[in-house]
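A short worksheet on the structure shown next.
The values are calculated or read from the model by the stated rules, or taken from the named source; none is laboratory data. Please read all numbers here as calculations on a predicted model, not as lab measurements. Don't worry about glycine lacking a Cβ; one is built from the backbone with ideal geometry, like all the others, and counts go over all protein chains shown. Only protein heavy atoms, including side chains, enter the accessible area calculation; ligands, DNA and RNA are left aside. Shrake-Rupley method; radii C 1.70, N 1.55, O 1.52, S 1.80 Å.
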Amino acid sequence: MTTTSFPVARASSTDWETNVSAPPNAFLPNKLFIINNFILSPRYPLAPLYITRYDTLAMSTELKVPPHNLEAEKSLLGALLIDNNAFIKVGDLIKPDDFYVDAHRMLFEVIVELFNKHQPLDVLSISNRLEETNRLVHVGGRTYLVELSNSVTTSTNLVHYATIIYKKATLRRLLGAANEISLLSFARALFANN
């Protein structure tokens, strides 16, 4: 187990409210603030941890990447791009929030939108809708869409890919809930002792 040091700064409550933002898909904050001997995390402001040292906070934990499978996400999206009827097999199984990569999430949102409007699910239609909503650049452009469609040859394993994505998303949600419960438990224990 490695020890990671996080920057810690003294801040007023106004600094806390305006200048802090947590990175997406992160379980540990990138910056911690100390107010009246309490560590405040931008990710979990209701769970302060009492400390006595102001220089740096050494946390004995490893930064971990949440569970995900990029290959399954790419393969699923590629299969949806090459087979218009493939969405019927996975439409009820996964939702846009199940995707780890924001670009994949946006792409799947557009696929769901076009499917609900009974429009074709191909590279041209999807790239056109992404361009209309100013999100084409965020997903990697038309080149990335073509790359996704060329990365798979068949949509046979589509349901398997969707199941992998769903399981990884469920694990991420469980980890987030466990982390929040842990922080709230520490906060209650600290306030109970004071």
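Numerical summary
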| quantity | calculated |
| --- | --- |
| Members of the stretch 148-170 that are under 15 Å from LEU70 (Cβ atoms) and exposed (fewer than 15 other Cβ atoms within 10 Å of the Cβ) | LYS167 |
| Qualifying helices (runs of 4 or more DSSP H) (wholly inside the stretch 100-180; at least 2 residues being aromatic (Phe, Trp, Tyr)) | 102-116 |
| Near pairs, Cβ below 8 angstrom, 6+ apart or cross-chain, from the stretch 73-97 (within 14 Å of PHE115 (Cα to Cα)) to any residue that is part of a helix (DSSP H, G or I) and basic (Lys, Arg) | PRO96/ARG105 |
| Selection within the stretch 134-147 - open to solvent by less than 80 Å² (accessible area, probe 1.4 Å) and without any contact (Cβ under 8 Å) to a residue 40 or more places away in the chain | ARG135, LEU136, VAL139, GLY140, GLY141, VAL146 |
| Flag if GLU131 is modelled with pLDDT of 95 or more, open to solvent by 80 Å² or more (accessible area, probe 1.4 Å) and over 22 Å from ALA72 (Cβ atoms) | yes |
| Residue within the stretch 125-137 that is in contact with a Lys or Arg (Cβ under 8 Å, 6 or more places away or on another chain) and within 14 Å of ILE164 (Cα to Cα) present | no |
| Residue within the stretch 172-186 that is under 27 Å from LYS89 (Cα atoms) and open to solvent by less than 80 Å² (accessible area, probe 1.4 Å) present | yes |
| Leading residue by the ranking (farthest from ILE88 (Cα to Cα)) among those in the stretch 114-128 that are exposed (fewer than 14 other Cβ atoms within 10 Å of the Cβ) and free of Cβ contacts under 8 Å to residues at least 24 places away in the same chain | LEU124 |
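Let's see how each residue does on (1) at pLDDT 95 or above; (2) surrounded by fewer than 18 Cβ atoms within 10 Å (Cβ to Cβ):
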| site | (1), (2) |
| --- | --- |
| ARG43 | no, no |
| ALA47 | no, no |
| MET59 | no, yes |
| PRO67 | no, yes |
| ALA72 | yes, no |
